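The values are calculated or read from the model by the stated rules, or taken from the named source; none is laboratory data. No experiment lies behind these values; they were computed from the predicted model shown. Using ideal geometry, Cβ is built from the backbone for each residue, glycine included, and neighbour counts are taken over all protein chains shown.
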Amino acid sequence: MTLFEVEYELIEFQGCRVHKTLLHDLTNLVESAASAGFELRLASGFRSIERQCQIWNAKVRGERPVLDDQEQVLDVNKLTSSELVFAILRWSALPGTSRHHWGTDIDVYDRAALPQGASVQLTLAECCGPFAPFHAWLDARLADPSATFFRPYVRPSGGVAPEPWHLSFAPAAAKWQKILEKTQLLELVMSLDIELKDVVARHFDEIYERFIWVPWNLYPAKWRNDVSDF
């Protein structure tokens, strides 16, 4: 099975689309959060390659902000093309490589703690501010050996910036990751209508290692090797 031959089904959940296999465990997670006094909501689930292309191109063109490690807006005009690519990759996936394309990954927040009139931004400042109690609860929940969700971007690593709100459903995500093939992925990326493709191609080995591949030791132990067919 190759990356392009996998077939999967998406279902609606809280207005977002997710992989069908998430339904049972995601429902349980929402109910468990409610019992603890939190209103777990999805900010995003499945994201199409086309949508990711729009986000990427808008950041390259300066139509959307590009942030530094402190979540401050960078002046993209002062960056080289290579610097710009890597700056974007800190917070936004390269189109064709996002885990959101699989439908296995979700962004979550506590709607009950959202300040009145505010919209969720998915920032570290929120996680340390109004959503801090929710993420402390989530820390404990994900530490349970039976947990099926995990955070793929949780530690400063020089790659993707820490995203406490980003959860991955291990039983399905592990299957996708095990069929990732670097050459195929590069071919897919090069077929897309995105800016700075030449820069991406020159640096793809580094991009793959730092921003695409998630180390298996971050997955719950059961799904590091126990992967059957879809």
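Observations, loosely collected:
This table checks each residue for (1) hydrophobic (A, V, I, L, M, F, W, C); (2) within 28 Å of ALA140 (Cβ to Cβ); (3) touching a Phe, Trp or Tyr at 6+ places or on another chain (Cβ under 7 Å).
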position	(1), (2), (3)
HIS19	no, yes, yes
HIS24	no, yes, no
GLU31	no, yes, no
ALA34	yes, yes, no
GLU39	no, yes, no
ASN57	no, no, no
VAL60	yes, no, no
ARG64	no, no, no
LEU67	yes, no, yes
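- Scanning the range 36-47 for residues that are part of a loop (DSSP other than H, G, I, E, B) and surrounded by fewer than 19 Cβ atoms within 10 Å (Cβ to Cβ) yields a count of 3.
- Reported count of residues in the range 88-119, each being on the phi < 0 side of the Ramachandran plot and either in contact with a helix residue (DSSP H, G or I) (Cβ under 7 Å, 6 or more places away or on another chain) or aromatic (Phe, Trp, Tyr) (or both), is 17.
- Of the helices (runs of 4 or more DSSP H) lying entirely inside the range 48-159, those containing at least 2 residues that are surrounded by fewer than 20 Cβ atoms within 10 Å (Cβ to Cβ), of a type in the set (Gly, Ala, Ser) and without any contact (Cβ under 8 Å) to a residue 40 or more places away in the chain span 132-143.
- The condition (being closer than 26 Å to LEU218 by Cβ and of a type outside the set (Phe, Trp, Tyr)) is satisfied by just one residue among PRO130, PRO152, PRO115: PRO152.
- Of the criteria (1) out of contact with any Pro (no Cβ under 6 Å at 6 or more places or on another chain); (2) free of Cβ contacts under 8 Å to residues at least 12 places away in the same chain, which one ILE11 fails: (2)
- Verdict on ALA33 being assigned to a helix (DSSP H, G or I) and surrounded by 14 or more Cβ atoms within 10 Å (Cβ to Cβ): yes
- Candidate set from the range 19-32 (those that are of a type outside the set (S, T, N, Q), at pLDDT 95 or above and out of contact with any Lys or Arg (no Cβ under 8 Å at 6 or more places or on another chain)); member that is nearest to ILE194 (Cα to Cα): LEU22
- Verdict on PRO164 being closer than 24 Å to CYS127 by Cα and either in contact with a helix residue (DSSP H, G or I) (Cβ under 8 Å, 6 or more places away or on another chain) or of a type in the set (Lys, Arg) (or both): yes
- Helices (runs of 4 or more DSSP H) fully within the range 190-230 that include at least 1 residues being at pLDDT 95 or above: 197-202, 204-207.
- Test result for ASP110, more than 16 Å from the chain's Cα centre (by Cα), of a type outside the set (A, V, I, L, M, F, W, C) and at pLDDT 95 or above: yes
- Here PHE204, PHE211, PHE169 are screened, and the one residue that is surrounded by 17 or more Cβ atoms within 10 Å (Cβ to Cβ), over 26 Å from VAL60 (Cβ atoms) and under 20 Å from the mean Cα position of the chain (by Cα) is PHE169.
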